[in-house]
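Data first, discussion second: the structure below is written as structure tokens.
The values are calculated or read from the model by the stated rules, or taken from the named source; none is laboratory data. In this text, all values refer to a predicted model and were calculated from it rather than measured experimentally. Reconstructed Cβ throughout: ideal geometry from the backbone, glycine too, with neighbour counts over all protein chains shown. SASA here: full protein model, heavy atoms, side chains in, ligands and nucleic acids out. Shrake-Rupley method; radii C 1.70, N 1.55, O 1.52, S 1.80 Å.
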Amino acid sequence: MVPGLILTVLYMGYVLVMTIIRPASMPALPKEARTLGSGVTSLLVALAAAGGIDLAKSAELTGTTLNMFSLEGEDATRVADVMTAAANKSAAGVDDLGLALSQTGGVAAATGLSLEETTGTLAAFADNGLKSSDAGTSFKVMLQRLTPQSKEAQDAMEAIGFSAYDAQGEFIGMEAVAGKLQTGLAGLSAEQR
């Protein structure tokens, strides 16, 4: 993480020096940063520094996350804050979370999970040894399987009184899913689970 921070600081210094000495030769921001709107450069730099990733990766991660969760450019600060907080509070790095989100973000958003709930779940996965795209793929498959894929699966879910959706067909949230699973599986043996 320190080398990434050093590179980010050096790059910022280079841009500052080039702006003062020869403004025409200042390097352009990555394409992703230019499409997010004004005022996001500093948050992209902060996310890059926090995650030990380069500015282009920070912009790509922010832009992709905004698109997956149907957020607006003004939510870029929220994305950076959520990613940084999750990385700081878990075993996942910003890059790990970005790779995980690239696998599961679309399904999570379509299921009804918020950015915060999705990222929090991925951070919990990381704390239990499941990181990066492996975490994203596992989470995506889990979310897809919350809707029974077969009669056998539907019968098993009904037998333990489990449904991930309320009467209106809305997803009940990860905390409620975990609680229902814990209650429903409590009396079963390891083999039955």
Requested in this report: Tally the residues that are at negative phi and either surrounded by 18 or more Cβ atoms within 10 Å (Cβ to Cβ) or touching a residue at least 60 places away in the same chain (Cβ under 8 Å) (or both), restricting the search to the stretch 125-145.
Outcome: 9
Query raised in the report: Are any residues in the stretch 92-104 part of a helix (DSSP H, G or I), among the hydrophobic types (A, V, I, L, M, F, W, C) and either open to solvent by less than 40 Å² (accessible area, probe 1.4 Å) or more than 21 Å from A50 (Cα to Cα) (or both), and if so, which ones?
Result: V94, L97, A100, L101
Query - Filtered residues of the stretch 60-112 (kept if under 16 Å from L130 (Cβ atoms) and among the hydrophobic types (A, V, I, L, M, F, W, C)) - result: A86, A87, A91, A92, L97, L99, A100, L101, A108
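Residues checked against (1) β-branched (V, I, T); (2) open to solvent by less than 40 Å² (accessible area, probe 1.4 Å); (3) under 9 Å from the mean Cα position of the chain (by Cα); (4) within 24 Å of S163 (Cα to Cα):
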{"position": "E74", "(1), (2), (3), (4)": "no, no, no, no"}
{"position": "A80", "(1), (2), (3), (4)": "no, yes, no, no"}
{"position": "S90", "(1), (2), (3), (4)": "no, yes, no, no"}
{"position": "G106", "(1), (2), (3), (4)": "no, no, no, yes"}
{"position": "S114", "(1), (2), (3), (4)": "no, no, no, yes"}
Query - Residue identified as outside any loop (DSSP other than H, G, I, E, B), open to solvent by 70 Å² or more (accessible area, probe 1.4 Å) and of a type outside the set (D, E, K, R) among Q168, Q154 - result: Q154
Query - All positions within the stretch 172-186 that are among the hydrophobic types (A, V, I, L, M, F, W, C) and part of a helix (DSSP H, G or I) - result: M174, A176, V177, A178, L181, L185
Query raised in the report: Looking at the stretch 174-192, is at least one residue under 30 Å from N88 (Cβ atoms), surrounded by fewer than 16 Cβ atoms within 10 Å (Cβ to Cβ) and within 13 Å of the chain's Cα centre (by Cα)?
Result: no
Query raised in the report: Being out of contact with any Asp or Glu (no Cβ under 6 Å at 6 or more places or on another chain), more than 16 Å from G105 (Cα to Cα) and in a helix (DSSP H, G or I), is that true of even one residue in the stretch 63-70?
Result: no
Query - Residue selected from the stretch 67-116 under the condition among the acidic types (D, E) and over 20 Å from V177 (Cα atoms), by the criterion modelled with the highest pLDDT - result: D96
